[in-house]
1. Hey, rough spin-label estimate for residue 86 and residue 160, points 7 angstrom out along Cα→Cβ, what's it come to in nanometres?
2. Under the classification rounded if a/c is under 1.5, otherwise prolate if a/b is larger than b/c and oblate if not, where does the chain fall, given a ≥ b ≥ c as square roots of the Cα gyration tensor eigenvalues?
3. Among 123-134, 218-229, 353-364, how do they line up from the highest to the lowest mean number of other beta-carbon atoms within 10 Å?
4. Return the distance in nm (one decimal) between the two label points of a simple spin-label model at residue 375 and residue 350, each offset 7 Å from Cα along Cα→Cβ.
5. Less than 11 Å from a label point 7 Å out along the Cα-to-Cβ axis of residue 187: which backbone N atoms in region 226-261 qualify, by residue?
6. Could you tell me the calculated FRET efficiency between residue 132 and residue 287, based on Cβ-Cβ distance and R0 = 41 angstrom, to the nearest 0.05?
7. Is it possible to state the helix-based mean residue ellipticity at 222 nm for the chain, with each DSSP H run of 4+ residues giving -39500 (n - 2.57), the sum divided by total residues, to the nearest 500 deg cm²/dmol? What is it?
8. Once the Cβ-Cβ distance between residue 205 and residue 244 is put in as r, and R0 is 51 Å, what FRET efficiency do you end up with, to the nearest 0.05?
C-alpha cells in the first residue's frame with residue numbers, strides 16, 4: 001500500500017516514531033519522516049497572549065463533563081454516573097428556566113439496579129455534528145460496575161422532539177468485557193468511538209450497521225505505565241490506597257477531510273493514523289500498529305477539539321487552561337482561569353469554544369479517597385477566532 005507523503009497533508013506532523021528498540025520484534029517503518037521532534041519539555045506553554053473573557057453559560061447541580069451545542073445556540077449537557085454521583089438525569093437541555101431532562105421519557109428514568117438496555121445509564125459524552133441530532137455515548141453501567149449485554153450504546157435523538165432516531169449497540173466482538181465506549185466523532189457515514197476500558201477503536205458504518213474493532217489492547221492504545229495522570233499543578237491522581245487511574249484511548253478527533261484519526265489517553269501522547277488503514281479489514285492489528293504516528297507529547301488533559309483548518313486544541317488539566325497545539329509541539333495558551341477545574345470536552349461552535357469544568361480531579365478515586373467536588377458544576381465559553389493554519 002502506497003502512503004501519502006506527510007509533508008503535504010495539511011495537518012499537524014508527527015515526530016519520527018521509534019516504538020521498538022529491538023528491531024527483530026517486528027518490522028519498523030523505516031520511511032516515517034516527520035517535522036516534529038517533541039520531548040516531554042515540549043509542552044512549555046506560551047503565556048504572552050491577551051486572554052479573552054471566560055463566560056459561564058450553564059450551571060448544574062450535577063456533575064457535567066460534556067456539552068453539545070447546536071447551530072442555534074441550544075446547549076445539552078451530559079452527566080456521567082461516577083461513584084457517589086448517581087441521582088442525576090443522564091442528558092438535559094439547557095433552557096432559560098434551568099435544566100430539563102432530555103428526552104423526558106424512559107431514556108432518562110434509569111434507577112440503580114436497572115439493566116439499562118433501554119435507558120441512559122452512564123453517559124460520558126454528548127455531541128451535535130451539525131445535523132438535527134444530539135448523540136449520547138453511554139457506557140451502560142455506573143463507574144466500576146459491569147454493564148448488561150447491550151447496555152453500552154450510542155443513542156441519537158432529534159434535537160427538537162427528543163424522538164429516538166438511532167440506537168447503536170455493541171456485541172462482544174466490538175466491545176469485549178471490560179471495554180467502555182468513551183467518546184465519539186462522526187465523519188461521513190463513519191462513527192468513530194474510542195474504548196477507554198481496554199484500549200481500542202470502534203468504527204461503525206452508519207449505512208450498513210457493521211461495527212469493526214481495531215487495535216484492540218495494543219500498547220499505544222493504552223495509558224503509558226510510566227506517565228501518571230495529573231491534576232492542577234501536577235498533583236498525581238490516586239485513591240486512598242495509592243491506586244492511580246488507568247484510562248486508555250480516550251480523546252478523539254478526525255481531520256476535516258476525514259483522512260486522519262487522532263487519539264490520546266488522558267496522559268498522552270497524542271497519536272494519529274490514517275482512517276483508510278483503520279477501515280481496511282485486510283490489515284491486521286499488528287500491521288495497523290506499525291502505521292501509528294506520534295504527533296506530540298502532551299500534559300494531562302480532559303478533552304480536545306479540532307477546528308475546520310485542522311488545528312488541535314486541548315483542555316489542559318495541569319494548568320486549568322485551553323491550549324492550541326503548535327507546529328513545533330509546544331502549546332499556546334488561549335485562556336487560563338482558576339474556574340476551569342479539570343477542564344473537559346471542548347466544543348467549537350459559532351466563534352466560541354465551550355468547555356465544561358467537572359472537577360473530576362477531586363473525585364474520591366482521584367483524591368486520596370475523598371470526594372471534594374461540589375455544586376454548582378459549570379460550563380464556560382470564550383470567544384475564538386482561529387489564526388494559525390495547521391502545517
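Here, each number is a calculation from the coordinates, and none is a lab measurement. No experiment lies behind these values; they were computed from the predicted model shown. Note that each Cβ is placed from the backbone with ideal geometry, even for glycine, and that neighbours are counted across all protein chains shown.
1. 3.9
2. On the way: a/c = 1.41, a/b = 1.22, b/c = 1.16.
Judged from the Cα gyration tensor, the chain comes out rounded (a/c under 1.5).
3. For the peptides 123-134, 218-229, 353-364, the packing ranking is 353-364, 123-134, 218-229.
4. The modelled label-to-label distance comes out at 2.8 nm.
5. Taking a point 7 Å out along Cα→Cβ of residue 187, the residues of region 226-261 whose backbone N falls under 11 Å are 253-261.
6. 0.60
7. It lands at -500 deg cm²/dmol.
8. Values: r = 36 Å, r/R0 = 0.71.
Result of the calculation: an efficiency of 0.90.
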